[in-house]
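Asks: Before I ask anything, let me first share the structure, which is written out below as structure tokens.
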Amino acid sequence: MVKAIVLYNSHTGNTEKVAKKIAEGLGVESFDKKNIPDLKDYDLVVLGSWVIMGRISFGGARYLRRIRRKLAGKKVALFFTSAGPDENHWKTENEAPRKIKEIMFESMTKIVNKNQNVTILSERFYCTGVISMFGKVQDKEGHPTDEELELAKAFGEQLKDLL
Ligand SMILES: Cc1cc2nc3c(=O)[nH]c(=O)nc-3n(C[C@H](O)[C@H](O)[C@H](O)COP(=O)(O)O)c2cc1C
């Protein structure tokens, strides 16, 4: 039987909320980076993280590197949250601006598929998350919205159809 799982790292809870909704849509469990079970029985692994300063969070890059050997031969679907997923980010003044969503999916793919033995699905998901620092909302209050969470659930349902 084909089995799926949702994994994520989350600092202030946005990515966790989205992960849980995707898992609900898929009808499977979600786990944060500290509680990842043995992946050998899973065929589809849904991986999520969040953005800091225009890049994947350090904890996200670390857990993806840690598990990538165990993803060989599996299907992987990617998702993330960020304050401005559709906005541009400038790395240096000389570099052309690129959209956060492009940077993010590219860097997640590079980490996960370093050994080119993983099938990264074209189905992917992202949404806006509130920026909270030191327990205070800084921007994007109310995100992910109920509507965004419903879209996350629909994404999970869409993945279910692929199994
Ligand atoms: C220190 C810090 C830097 C951030 N930098 C960016 C950024 O460069 N671009 C962006 O779109 N979001 C940025 N964010 C917003 C987070 O990506 C967003 O709040 C995300 O949903 C957090 O996920 P979490 O709640 O699962 O930890 C930043 C947040 C923090 C706290």
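Every residue, every condition in (1) within 14 Å of the chain's Cα centre (by Cα); (2) at pLDDT 95 or above, yes or no:
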residue	(1), (2)
Glu102	yes, yes
Ile111	yes, yes
Gln116	no, no
Phe125	yes, yes
Glu147	no, yes
Glu150	no, yes
Gln158	no, yes
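Asks: On to the next question. Determine which member of the set Lys114, Lys99 is within 14 Å of Gly84 (Cα to Cα), surrounded by 12 or more Cβ atoms within 10 Å (Cβ to Cβ) and free of Cβ contacts under 8 Å to residues at least 60 places away in the same chain.
Replies: Matching residue, one of Lys114, Lys99: Lys99.
Asks: Additional query: Being in a loop (DSSP other than H, G, I, E, B) and in contact (Cβ under 8 Å) with a residue 24 or more places away in the chain is the filter; apply it to the stretch 63-89 and report the residue that is farthest from the ligand (Cβ to nearest atom). Break it down stepwise before answering.
Replies: Going residue by residue through the stretch 63-89, those that are in a loop (DSSP other than H, G, I, E, B) are 72-74, 83-87.
Remaining after also requiring in contact (Cβ under 8 Å) with a residue 24 or more places away in the chain: 72-74, 83-85.
Values: Ala72: 27, Gly73: 29, Lys74: 24, Ala83: 3, Gly84: 4, Pro85: 6 Å.
By that ranking, first place goes to Gly73.
Asks: When you check Val137 against the structure, is it within 15 Å of the ligand (Cβ to nearest atom), closer than 27 Å to Lys34 by Cβ and at pLDDT below 95, yes or no? Show your work before the answer.
Replies: Values: within 15 Å of the ligand (Cβ to nearest atom): yes; closer than 27 Å to Lys34 by Cβ: yes; at pLDDT below 95: yes.
It is true that Val137 is within 15 Å of the ligand (Cβ to nearest atom), closer than 27 Å to Lys34 by Cβ and at pLDDT below 95.
Asks: Return the only residue of Gly60, Gly48 being part of a helix (DSSP H, G or I), within 15 Å of the ligand (Cβ to nearest atom) and either surrounded by 17 or more Cβ atoms within 10 Å (Cβ to Cβ) or more than 13 Å from the chain's Cα centre (by Cα) (or both).
Replies: Values: Gly48 fails: part of a helix (DSSP H, G or I).
Answer to the selection: Gly60.
Asks: Pairs only if they're at least six apart or on different chains, beta carbon under 9 angstrom, first in the stretch 36-61 and without any contact (Cβ under 8 Å) to a residue 40 or more places away in the chain, second assigned to a helix (DSSP H, G or I) and surrounded by fewer than 19 Cβ atoms within 10 Å (Cβ to Cβ); list them, first residue then second.
Replies: Pairs found: Ile36/Arg66; Ile36/Ile67; Ile36/Lys70; Asp38/Lys70; Leu39/Ile67; Leu39/Lys70; Lys40/Lys70; Ile52/Phe58.
Asks: Quick one: how many residues across the stretch 117-150 are part of a helix (DSSP H, G or I), surrounded by fewer than 18 Cβ atoms within 10 Å (Cβ to Cβ) and hydrophobic (A, V, I, L, M, F, W, C)? Outline the logic, then answer.
Replies: We begin by selecting, within the stretch 117-150, every residue part of a helix (DSSP H, G or I); these are 146-150.
In the following step, the residues that additionally are surrounded by fewer than 18 Cβ atoms within 10 Å (Cβ to Cβ) were identified as 146-147, 150.
From the residues that got through so far, the ones that are hydrophobic (A, V, I, L, M, F, W, C) too are none.
The qualifying residues number 0.
Asks: Residues being surrounded by 17 or more Cβ atoms within 10 Å (Cβ to Cβ) and either of a type outside the set (A, V, I, L, M, F, W, C) or free of Cβ contacts under 8 Å to residues at least 60 places away in the same chain (or both): count how many of those fall in the stretch 12-23.
Replies: Here is the first cut: in the stretch 12-23, the ones surrounded by 17 or more Cβ atoms within 10 Å (Cβ to Cβ) are 14-23.
Restricting the remaining residues to those that are either of a type outside the set (A, V, I, L, M, F, W, C) or free of Cβ contacts under 8 Å to residues at least 60 places away in the same chain (or both) gives 14-17, 20-21.
Number satisfying all stated conditions: 6.
The values are calculated or read from the model by the stated rules, or taken from the named source; none is laboratory data. Predicted model only: the values in this text are computed from it and were never measured. Neighbour counts run over all protein chains shown; Cβ positions are idealised from the backbone, glycine included.
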